[in-house]
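Down below is the structure, laid out as structure tokens.
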Amino acid sequence: MKCYQSEIRLKPYARGFHLINDIIIDSFPEIEKIQSGMLQAFIKHTSAALTINENADPTVRVDFESHFNKMVPEDAPYFIHTYEGPDDMPAHVKASLLGSSVQVPITNGKLNLGIWQGIYLCEHRNHATGRKLVLTAFGS
């Protein structure tokens, strides 16, 4: 079994949902050394998340942002943790709903995603800095 790990830093992204497949593949060429295995991507932050969803129509990502903002509004009167602004606690809730990692099968040195699937960086802060991901590929 082979195992590779790398930590990458993403550039700052605007609030919203962003496809990052190509960044992961370009930043982590060790994926090509795995014939059958898994990639785990983990985000080292509590106000952003990772998920897998539609990769073709960008309106899906706009709708995700709209829905999450309605589901977890910034002006909720019960939020106490607002030290870093009105998007502070809502960002933490959204990140917990989506999760901090995704796993994708690797087959013949390539990510084995469905034809319409992409890995999203889910940025929930208005003024986020670059995010760090830990990428781990393992298999034979």
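The values are calculated or read from the model by the stated rules, or taken from the named source; none is laboratory data. Source: prediction; values computed, not measured. Note: ideal-geometry Cβ built from the backbone for every residue, glycine included; neighbour counts use all protein chains shown. Surface accessibility is based on the protein's heavy atoms, side chains included, excluding ligands, DNA and RNA. Shrake-Rupley method; radii C 1.70, N 1.55, O 1.52, S 1.80 Å.
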query: Considering only protein heavy atoms and a 1.4 Å probe, what is the carbon-and-sulfur percentage of the accessible area of the stretch 1-60?
result: 50
- line: Measuring from the longest principal axis of the C-alpha atoms of the chain, the long axis of helix 88-98 (C-alpha) lies at a number of degrees, nearest 10, equal to 40
- request: Please report the relative contact order for the stretch 49-95, taking Cα pairs under 8 Å with a sequence separation of at least 6, and give it as a percent rounded to a whole number.
  value: 34
message: Within the chain, which is the longest segment that contains none of the GluC sites (Glu not before Pro) sitting in a DSSP loop with at most 16 other Cβ atoms within 10 Å?
response: 1-73
- request: Take every Cα pair under 8 Å in the chain that's 6+ residues apart, average their separations, divide by the length, and report that relative contact order as a whole percent.
  value: 54
task: Using the Cα centre as the reference, give the magnitude of the dipole from point charges on the C-beta atoms of the chain (Lys, Arg: +1; Asp, Glu: -1; all else neutral), rounded to the nearest 20 debye.
output: 400
field: Probe 1.4 Å, protein heavy atoms only - accessible area per residue of the stretch 1-94 in square angstrom
entry: 59
query: For the stretch 79-129, what % of the accessible area comes from carbon and sulfur atoms, probe 1.4 Å?
result: 55
- prompt: If you average the sequence gap of Cα pairs under 8 Å that are 6 or more apart and divide by the length of the stretch 1-80, what percent do you get for the contact order?
  reply: 34
task: On a C-alpha basis, how far is the centre of the stretch 1-68 from the centre of the stretch 95-140 in Å? Whole number, if you could?
output: 3
query: Which option, [x] 2, 9, 15, 12, 7, 5, 4, 4, 5, 6, 6, 7, 6, 5, 4, 2, 1, 0; [y] 2, 11, 22, 25, 22, 12, 5, 1, 0; [z] 2, 10, 20, 21, 18, 13, 8, 5, 2, 1, 0, is the value of P(r) over Cα pairs in 5 Å bins from 0, in percent that was calculated from these coordinates?
result: [z]
field: Expected 222 nm ellipticity per residue - DSSP helices of 4 or more, -39500 (n - 2.57), all of the chain, to 500
entry: -6500 deg cm²/dmol
field: Area of Y4 that stays accessible when all protein chains are in place (1.4 Å probe, Å², to 10)
entry: 60
message: Please list, in order along the stretch 121-136, the HN-Hα scalar couplings obtained from phi with the Karplus expression 6.51 cos²θ - 1.76 cosθ + 1.60 (θ = phi - 60°), rounded to whole Hz, x for Gly and Pro.
response: 8, 9, 8, 10, 9, 6, 9, 7, 8, x, 9, 9, 10, 9, 10, 10
